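A quick write-up on the structure given underneath.
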Amino acid sequence: MPETVPDTLQVDTLTADTLTADTLTAGALTAGALVADVLPVARLAGSRDRCLPVSSPWSALLPEGGLVRGQAVTIAGGAAVSAALALVAVAVQAGSWVALVGVPWVGVEAAHEVGVRLDRTVSVSIDPLTPSVWAERLAASMDGFDAVITQIPGRVPDRLLRRVHQRLRARGAVLVDIRDPTCSAPTCSVSDTVRDTAGADVSVQARTVAWEGLGRGCGYLARRRVEITVTGRRMPRARRVECWLPGPSGGFETIETIEVP
Amino acid sequence: MNTPNLGPESSEVLPRLVTIWCPDWPVIAAKLTRVPAAMTAGVPIAVVAADRIVARAPVLAAAGVHVGQRRRDAQRCAPEMVLVDHDPDRDARAFEPVVRAVADLVPRLEVIEPGWIGFEARGPSRYFGGERALAERLVDLVTGLVESPVGVGVADGRSTSTIAARRAATTPDAIVVVPPAASAAYLAPLPVTWLRAVGDADGDLVDVVARLGIHTLGALAALPRPDVLARFGLAGVRAHRVASGADDRVAVASEPAPERQVERIFETPVEEVAPVVFVAKQLADALVGALMAEGRVCTKVVVTAETEHGERTERAWYRDQGLSAPAIVERVRWQLEGWIAQPGGISAGIVLVRLAAVVVRADDGTQVGFWGGRSEADDAASRAVTRLAGLGGEASVTVPVWRGGRLPNERYAWVPALSVDLDRSVSRPRGRALGRGRDIGPWPGSLPVPSPAKVHVAPIPVEVVGEDGRVVRVSGRGEVDPPPARLVSAGADRVVTAWAGPWPVDQCWWERRRHRRLARFQVVTADGDALLLAVEHQRWWCVAEYA
């Protein structure tokens, strides 16, 4: 990771050398939008980088500064869906496609607002939702899509999960599993999530701290403070950040980093 | 060249081509296949794809509805019209009988799209005793089969023939025969907007030309070609050629090299269309990939399929902009479904499918596609889409299309991914305009940004009560009584810490069936969750969550 990450990119300095995963992680959506308008990023940057690019709050949280291909990420908490969409936004801007497998309730307009390009979004509906059908469709999606967002159905046998993870590593896709967001109480500890990650490499807890803008009979939901805690297999200690999701300008921004004892 | 070109190059010989054109075929197809929305008598219908009008009944033209218009603008012009979603498969199925009937008369035809057939005039016109006789025979044939207006145009070259057929559709006897070498004179008085009919001159070029004061094709043809090239580039030269009566590109008549033909022979006959289409996708990818490596693109492909008993279907498909792999697969599917659905059907499984690229031309980069062209990721995604559609059915793989509305689940429609030709990005609003952007103005009555991240597929019934336990009611004047204090859902009783509303919706009040009157509320509960609630007929629902 470079020491200083530029937060605005000048168009004339965009060359094949500067166009790496590092520069792409700068400045969330502004960089993504700028690059997308100027150059076909997927061809220049090479579609088989080891990591998918992510926006700046995530690059400080994730162990390798990006979404490592072949890994599975579990997100739980009251802000899980928005966090999952924000996680894949920059990668989709940069040329990857995202599949929503078995999650018909994801708000597409919210995805668009956080920066996910809807012309690279595909939804796969599974009916009936049995573990074997889910695993089959997930495997087919991983063949063609770099990012797959799904919700692991209850009672999936271990052998199916292991096959899913093998396929994930073989194809180099990224799996984002949104846990049922019932665990939104502040008492939900990080260790609870680690226990039921079912083999995830990175585990995220996205907790809503407070919504701002709504009064009693007036106002509207405008901003939300979210606390994101990330733990993972190759992380010695947890990382935690408080951020806006969405913030005053509509994006996903860090407020402050919190030291985890 | 000192003199302005007023016709095709003298070395070019343009074949006489006949074009059969059924205007607004998607509308006719909706009626023929008995789409429920289209069956009310006396109500004009229009077909919509991705929020734009694709085809409309002729009576709507007077009201100001035209192809390419945004849905809301069209509805403003003609509120009584009924809208039907575009389904290219439905159009192709409805057009099959017409193609088969014309194929009985004319052995070698090519289908450009449902509603549009072209073929060479020389053989059939001699057989039927002249071009006019042939055209009359075709008009009788088509009008006898389907209740559709039709136009038959006979002229030198494909572009003039196309324009002639479209003009013929508006004349009483539905036939226009342009004498040989008289194309330029025929086209001269026509307005430049006719360039759009030919297929690849886009709206921007036509607008610029019109603003420069060139209003007729004759005026465009009178300009010296080198100047047109300098000012407008290759697209302008093509338009200039069309205006002069030539084809937009010089025809290349060469036999395809053997490797421009791909086929697959099945060891065990295949009874269903889906596996054959899956194989066709691989073949089409291989064919288009090989051509692209040479810098060429296929404009005419012949699709052949044979059964074990020797029954055969062979059809030529043409598209001016070049056929991409998904476009070829789409046409293979139409052809196979039409073949199997014909009276009598086929008596055995399919053993052979072959794609032959008959006419290829150098790819001069005018293919409309994604910005930057297709990348490896795009190709991988579209292969995965085909595979998933094969596993779960076409309707299981969908892409979001902007529709607009006041409730979160109405804003976007999910459209089967295979029915959207990913190359036709001109007809879909581009990335930015998919939800916001300069194109689409503010939607009156829409909810403020940020939008909820979790939108329930079916609204969940909840109860909202005040401090005293009474259910919260919203009066017609927007008074909320009592103020919400607790939210009861799924057995859990949560305290409401903040709320706002009512934001009323009163839509389609002029139509009893579709009238909806509800009020929306945003609510935050004690555990920090934010929800979007709606109350309709005094019943509360949770529509979405800000998860």
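The values are calculated or read from the model by the stated rules, or taken from the named source; none is laboratory data. What you see is a predicted model, and the numbers here were worked out from it, not measured in a lab. We place every Cβ from the backbone using ideal geometry, glycine too, and count neighbours over all the protein chains shown.
Would you be able to tell me the number of residues in segment A:92-105 that are under 13 Å from B:VAL457 (Cβ atoms) and facing chain B (nearest Cβ under 7 Å)?
Within segment A:92-105, residues that are under 13 Å from B:VAL457 (Cβ atoms) and facing chain B (nearest Cβ under 7 Å) number 2.
Condition (residue is touching a Phe, Trp or Tyr at 6+ places or on another chain (Cβ under 6 Å) and at pLDDT 80 or above) applied to segment A:237-252: is it met by at least one residue?
Within segment A:237-252, one or more residues are touching a Phe, Trp or Tyr at 6+ places or on another chain (Cβ under 6 Å) and at pLDDT 80 or above.
Output the residues belonging to segment B:225-247 that are buried (at least 22 other Cβ atoms within 10 Å of the Cβ) and within 15 Å of B:LEU212 (Cβ to Cβ).
B:VAL228, B:ALA239, B:HIS240, B:ALA243, listed by residue number.
Within segment B:177-199, is there a residue that is more than 20 Å from B:GLY68 (Cα to Cα), among the hydrophobic types (A, V, I, L, M, F, W, C) and touching a Lys or Arg at 6+ places or on another chain (Cβ under 7 Å)?
yes
State which residue pairs qualify: first residue free of Cβ contacts under 8 Å to residues at least 24 places away in the same chain and more than 8 Å from every other protein chain (Cβ to nearest Cβ) and inside segment A:207-227, second residue aliphatic (A, V, I, L, M) and in a strand (DSSP E or B) in any location, beta carbons under 9 Å apart, and separation of 6 or more residues or different chains.
As it stands, the answer is A:GLU212/A:LEU221; A:GLU212/A:ALA222; A:GLY213/A:LEU221; A:GLY213/A:ALA222; A:GLY213/B:ALA498; A:GLY213/B:ALA500, since those pairs meet every condition given.
Identify, from the list A:TRP105, A:TRP134, the residue that is modelled with pLDDT of 90 or more and touching a Pro at 6+ places or on another chain (Cβ under 6 Å).
Exactly one residue qualifies, and that residue is A:TRP134.
Just to be sure I understand, how many residues within segment A:244-257 are more than 15 Å from A:TYR220 (Cα to Cα), out of contact with any Ser or Thr (no Cβ under 7 Å at 6 or more places or on another chain) and surrounded by 14 or more Cβ atoms within 10 Å (Cβ to Cβ)?
Result for segment A:244-257: 5.
How do the pairs read when you match residues in segment B:389-400 that are farther than 12 Å from A:ILE126 by Cβ with residues anywhere that are surrounded by fewer than 17 Cβ atoms within 10 Å (Cβ to Cβ) and not aromatic (Phe, Trp, Tyr), using Cβ under 7 Å and keeping only pairs 6 or more apart or on different chains?
From residues that are farther than 12 Å from A:ILE126 by Cβ, the pairs are B:GLY390/B:ALA274.
Identify the single condition in (1) surrounded by fewer than 21 Cβ atoms within 10 Å (Cβ to Cβ); (2) more than 10 Å from chain B (Cβ to nearest Cβ); (3) of a type in the set (Gly, Ala, Ser); (4) under 27 Å from B:GLY404 (Cα atoms) that A:SER132 does not satisfy, given that it satisfies every other one.
The number of the failed condition is (4).
Considering every residue within segment A:121-128, establish whether at least one is surrounded by fewer than 24 Cβ atoms within 10 Å (Cβ to Cβ), modelled with pLDDT of 90 or more, in a helix (DSSP H, G or I) and at the interface with another protein chain (Cβ under 7 Å from one of its Cβ atoms).
no
Looking at segment A:197-204, can you tell me whether even one residue there is within 19 Å of A:SER82 (Cα to Cα), modelled with pLDDT under 90 and in contact with a helix residue (DSSP H, G or I) (Cβ under 8 Å, 6 or more places away or on another chain)?
No, every residue in segment A:197-204 fails to be within 19 Å of A:SER82 (Cα to Cα), modelled with pLDDT under 90 and in contact with a helix residue (DSSP H, G or I) (Cβ under 8 Å, 6 or more places away or on another chain).
Only one residue in B:ALA181, B:ALA188, B:ALA165 is under 20 Å from B:GLY130 (Cα atoms) and either hydroxyl-bearing (Ser, Thr, Tyr) or touching a Gly at 6+ places or on another chain (Cβ under 6 Å) (or both). Which one?
The conditions single out B:ALA165.
Determine whether segment B:86-102 contains at least one residue that is touching a residue at least 12 places away in the same chain (Cβ under 8 Å), loosely packed, with under 13 Cβ neighbours inside 10 Å and not in a loop (DSSP other than H, G, I, E, B).
For segment B:86-102, residues touching a residue at least 12 places away in the same chain (Cβ under 8 Å), loosely packed, with under 13 Cβ neighbours inside 10 Å and not in a loop (DSSP other than H, G, I, E, B): absent.
Confirm whether B:VAL65 is within 24 Å of B:THR193 (Cβ to Cβ) and in contact with a Cys (Cβ under 9 Å, 6 or more places away or on another chain).
When the stated conditions are applied, B:VAL65 passes them.
Just checking, how many residues over segment A:107-120 are within 7 Å of another protein chain (Cβ to nearest Cβ) and closer than 17 Å to B:PRO452 by Cβ?
Counting residues in segment A:107-120 that are within 7 Å of another protein chain (Cβ to nearest Cβ) and closer than 17 Å to B:PRO452 by Cβ gives 7.
I'm trying to understand the selection: among the residues of segment B:506-547, which are of a type in the set (Ser, Thr, Tyr) and not in a strand (DSSP E or B)?
If the condition is that a residue be of a type in the set (Ser, Thr, Tyr) and not in a strand (DSSP E or B), then B:TYR546 is the only one that fits.
When you check A:ARG155 against the structure, is it closer than 20 Å to A:THR74 by Cα and either of a type in the set (A, V, I, L, M, F, W, C) or modelled with pLDDT under 90 (or both), yes or no?
yes
Hey, among the residues in segment A:231-255 that are assigned to a loop (DSSP other than H, G, I, E, B) and in contact (Cβ under 8 Å) with a residue 40 or more places away in the chain, which one's farthest from the other protein chains (Cβ to nearest Cβ)?
A:ARG234
Just to verify a result, which residue in segment B:121-176, among those that are of a type in the set (Val, Ile, Thr), more than 20 Å from B:PRO189 (Cβ to Cβ) and modelled with pLDDT of 90 or more, is nearest to the chain's Cα centre (by Cα)?
Once the filter is applied, the top-ranked residue is B:VAL150.
Residue under question is B:VAL351, and the condition is that it be in contact with a Pro (Cβ under 6 Å, 6 or more places away or on another chain) and closer than 23 Å to B:ALA286 by Cα; does it hold?
The answer is yes for B:VAL351.
Out of the residues in segment A:135-162 that are away from every other protein chain (no Cβ under 11 Å), in contact with a helix residue (DSSP H, G or I) (Cβ under 7 Å, 6 or more places away or on another chain) and not hydrophobic (A, V, I, L, M, F, W, C), state the one that is farthest from B:ALA453 (Cα to Cα).
A:PRO157
Using the structure shown, decide if A:GLU64 is out of contact with any His (no Cβ under 6 Å at 6 or more places or on another chain), within 16 Å of A:VAL204 (Cβ to Cβ) and charged (D, E, K, R).
Here the answer is yes, as A:GLU64 does meet what is asked.
Checking the condition outside any loop (DSSP other than H, G, I, E, B) and modelled with pLDDT under 85, which residue from B:ALA30, B:ALA74, B:ALA37, B:ALA55 passes?
After ruling out the rest, the residue left standing is B:ALA37.
Among the residues that make up segment A:210-230, is at least one of them in a loop (DSSP other than H, G, I, E, B) and surrounded by 19 or more Cβ atoms within 10 Å (Cβ to Cβ)?
No, the conditions are met nowhere in segment A:210-230.
Give, as residue ranges, the strands (runs of 3 or more DSSP E) completely inside segment B:384-474 that count at least 3 residues that are modelled with pLDDT of 90 or more and surrounded by fewer than 18 Cβ atoms within 10 Å (Cβ to Cβ).
B:454-465
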